[in-house]
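What follows is a set of notes on a single structure, which appears directly below.
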2 protein chains.
Amino acid sequence: MVLYVIGLGLGDETDITVRGLRAVQSCDKVYLENYTSILGIDHKTLSEFYGREVILADRDCVETGAEVIYANAKEQNIAFLVVGDPFCATTHSDLILRAQEIGAKVEVIHNASVMGAAGACGLQLYSYGQTVSIPFFNDKWRPDSFYDKIAFNRKGGLHTLCLLDIKVKEPDFEAMARGRTVFLPPRFMSVNQAVEQLLEVEDKRQEGVYSRDTLCVGMARLGQRDQKIVAGTLAELLSVDFGAPLHSLVIAGDVHFLEEEMLAQFSVKLLQATTTADETA
Amino acid sequence: MVLYVIGLGLGDETDITVRGLRAVQSCDKVYLENYTSILGIDHKTLSEFYGREVILADRDCVETGAEVIYANAKEQNIAFLVVGDPFCATTHSDLILRAQEIGAKVEVIHNASVMGAAGACGLQLYSYGQTVSIPFFNDKWRPDSFYDKIAFNRKGGLHTLCLLDIKVKEPDFEAMARGRTVFLPPRFMSVNQAVEQLLEVEDKRQEGVYSRDTLCVGMARLGQRDQKIVAGTLAELLSVDFGAPLHSLVIAGDVHFLEEEMLAQFSVKLLQATTTADETA
């Protein structure tokens, strides 16, 4: 039988492919990866849409106890559902390798990922350098290796896609110290927070990799019906309300005139014009 | 009404998303972009699957007469179908901008693209630099700007995805000189040809950007059921038969041990072992 690793794309339950849907409906067990990303929908909606129970697979399950997912793939069809495309996170390569080791057949069904859909912001995918991750800073941990990667990209005139941190099912260590297993509410980094952290690192490192005037594009709920894309300088994006998660950010490199034309439709200036008109009305 | 720009993904007719399929079936006219890429299926199969006539839009139509596509989007729902994701080629940004200019509403429905699915080869998407295109060389035109881009990526330890040239509906100038409009048969660059051209450029430029011993991954029909992925040195990939199009190639940068483990399953050595066993049998 088969372990299907199926991308769900970026939007709602209908963003699964027809091939993916048919695979899910041929399965005895359906798992949904529930930690590296989220869809704009809950797993009950997915269950109803598929006509199949959907089991949430959290970080513990995928990283330490993944056997429960693939162990039966020799006798049954098993689906493992992943937001975006299955190959945008390491963990899934891992799952696939381990399933193959025990002799299970694995079939991957691709879908849209933020890395492909980022082209929607108007900057050509051909002109992107390496993608970086911006982690949540805390009191003790403020890693800035993304700064060097952005520096490298910008030296080549390339755009940088910044994926923003997500904390899902993080343990509440205070409660755990008191002997209870409690998880903190999920957190998703906003474009505003990412911009703050980026500016903090530039202020600290002072290598002039980017500045408050660097052109960027903030994106929220990319690929969903209510996606929001706003282009402006880092300083301008600091105060734009992008609404619900997920957010991501592109730091522009050299901008071609065709890209400028595409970006113009998302300019923060248009947003400000509308807001002013609303206030006047 | 709406102009839907819908990605078809990488495989067959069932790789459209459920949302995309519903949009197509709400449309009065359905166009299929027929020049930057091809699916492993013909447009008749698509027509039957959708229950809608599918009109082929070739290069002339999209680049010079695109009004026929979007002009009626104010009165009718129109679908424009694109292989992969709608934002992997400039022309579609163009179509979208022009449709918006005449006041049509545009909705983009994303799907898998080679840029996202390339992760299937085992090299982490986070470690890719800019994507390059390898054009068909001819007697007069042997452009090598991809060489500098690969050099830049490798300096940063990054992998390079090489998209290989496609010639669809190219005019036959000899026949045209005789007054007939004739098109040459479509051509798709193979991994072997790409490797030949890459080695030719290295031999000419001699900057040591890569060599016959550089680790690469050739991919054919990525995301389709009969995809073929083979990892080996450039010299080794020269003689591997990848079969039907589309092909693409990744030139590895620095390889992490987890990536090595993923690549091992695609090693050309395994292929050679199988072939030798066949020959002995």
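Only Cα pairs under 8 Å and 6+ residues apart enter the sum, and on that basis the relative contact order of segment B:169-220 stands at 24 percent. Residue and distance for the chain B Cβ closest to the axis that moves B onto A, in whole Å, come to B:G116, 2. In terms of overall dimensions, chain A has a Cα radius of gyration and Dmax of 20.7, 67 angstrom. Taken over the alpha carbons of segment B:174-248 as equal point scatterers, the Debye sum produces base-10 log I(q)/I(0) values at 0.12, 0.15, 0.25 Å⁻¹ of -0.46, -0.61, -1.09.
The Rg/Rh ratio of the protein assembly as shown, with both radii computed over alpha carbons and Rh defined as the Kirkwood radius, is 0.96. Inverting the pair-averaged 1/r between distinct Cα atoms of segment A:66-203 gives 18.3 Å as its Kirkwood hydrodynamic radius.
Partner shielding of A:92-104 amounts to 2, given as the average count of beta-carbon atoms from other chains within 10 Å of each residue beta-carbon.
Shielding value for A:149-157 is 3, the average number of Cβ atoms from other chains within 10 Å of each residue's Cβ.
Using the crude model of +1 on Lys and Arg Cβ and -1 on Asp and Glu Cβ, and no other charge, please compute the dipole size for chain A relative to its Cα centre, in debye to 20.
Details: 26 positive and 39 negative charges, 94 e Å.
Dipole magnitude for chain A comes out near 460 debye.
Here the Kirkwood formula puts the hydrodynamic radius of segment B:136-281 at 17.0 Å, using every distinct Cα pair.
Comment: the Cα-to-Cβ extended label point of A:G179, at 7 Å, lies 10.0 nm from its counterparts in the other copies, nearest first. Restricting attention to chain B, close to 45% of DSSP beta bridges with both partner residues there are antiparallel. Placing unit charges on each Cβ (+1 for Lys and Arg, -1 for Asp and Glu) gives chain B a dipole about its Cα centre, and among B:A273, B:F87, B:G157 the Cα reaching farthest toward its positive end belongs to B:F87.
Please list, by residue number, every one of the GluC sites (Glu not before Pro) in segment B:174-264 that is coil in DSSP and has at most 14 other beta-carbon atoms within 10 Å.
Numbers: sites: B:E174, B:E196, B:E200, B:E202, B:E207, B:E236, B:E259, B:E260, B:E261; in loops: B:E207.
Hits after loop and neighbour filter: B:E207.
State the antiparallel share, in %, of DSSP beta bridges confined to the protein assembly as shown, rounding to the nearest 5.
The antiparallel fraction comes to roughly 45 percent.
Provide the net charge surrounding A:V230, with neighbours chosen by a C-beta distance below 12 Å and charges set as Lys +1, Arg +1, Asp -1, Glu -1. After counting each charged neighbour, the total is 0. For chain B, the longest principal axis of the C-alpha atoms and the axis of helix B:191-205 are separated by about 60°.
Secondary-structure-derived ellipticity at 222 nm for the protein assembly as shown, considering helices only, amounts to -9500 deg cm²/dmol, per-run term -39500 (n - 2.57) for DSSP H runs with n ≥ 4.
Considering the dipole of chain B built from charges on the beta carbon (Lys and Arg +1, Asp and Glu -1) around the Cα centre, which of B:I96, B:Y147, B:A220 is farthest to its positive end? Farthest towards the positive end: B:I96.
Expressed as a whole percent, how much of the Cα-Cα distance distribution for segment A:85-135 exceeds 17 Å? Walk me through the numbers before you get to the answer.
Numbers: 661 of 1275 pairs.
Looking at segment A:85-135, the distances longer than 17 Å represent 52 percent of pairs.
Sum up the charges of everything whose Cβ sits under 9 Å from the Cβ of A:V2, counting Lys and Arg as +1 and Asp and Glu as -1, but leave A:V2 out. Each step should come with its number before you reach the end.
On the way: positive: A:K105; negative: A:E107.
With Lys, Arg at +1 and Asp, Glu at -1, the neighbours total 0.
In a fully extended conformation the segment linking A:A175 and A:Q206 would gain 7.2 nm over its present Cα-Cα distance, using 0.36 nm per residue. Measure out, as a whole number of angstrom, how far apart the alpha-carbon centroids of segment A:165-216 and segment B:139-213 sit. Here the two parts' Cα centres lie 43 Å apart. Just tell me which lysines come within less than 19 Å, Cα to Cα, of B:K29; anything on the same chain fewer than 8 places away is out. Straight-distance partners of B:K29: B:K44, B:K74, B:K105.
List the trypsin sites (Lys or Arg not before Pro) in segment B:79-147 that DSSP assigns to loop (not H, G, I, E or B) and whose Cβ has at most 15 other Cβ atoms within 10 Å. Which are they? Working shown, then result.
Values: sites: B:R98, B:K105, B:K140; in loops: B:K140.
Those that pass, being in a loop and sparsely packed, are B:K140.
Pairs of alpha-carbon atoms within less than 8 angstrom and 6+ residues apart define the contacts here; what relative contact order does segment B:115-279 have, in percent?
Details: 278 pairs, mean separation 41.3, N = 165.
Averaging sequence separation for qualifying contacts and normalising by length gives 25 percent for segment B:115-279.
In chain B, a dipole from Cβ-located charges (positive for Lys and Arg, negative for Asp and Glu) runs towards its positive end, and of B:Y31, B:G7, B:I134 it is B:Y31 whose Cα lies farthest in that direction.
Name the chymotrypsin sites (Phe, Trp or Tyr not before Pro) in segment A:79-170 that are in a loop by DSSP and that have at most 13 other C-beta atoms within 10 Å, would you? Passing sites in segment A:79-170 are A:W141.
The mean number of partner chain beta-carbon atoms within 10 angstrom of a residue's beta-carbon across peptide A:257-264 is 2.
So the label point sits 7 Å from Cα along the Cα-to-Cβ vector; using that for A:T45, what distances do you get to the other copies, in nanometres, sorted shortest first? Between copies, matching label points for A:T45 lie 3.2 nm apart. Label point of B:W141 (7 Å along Cα→beta-carbon): distances to the other copies' equivalent points are 5.2 nm, sorted ascending.
Read-outs throughout are calculated quantities, based only on the coordinates presented, and are distinct from any laboratory measurement. Keep in mind that this is a model prediction, so the values were computed, not measured. Please note: Cβ atoms are built from the backbone with ideal geometry, for glycine as well, and neighbour counts cover all protein chains shown.
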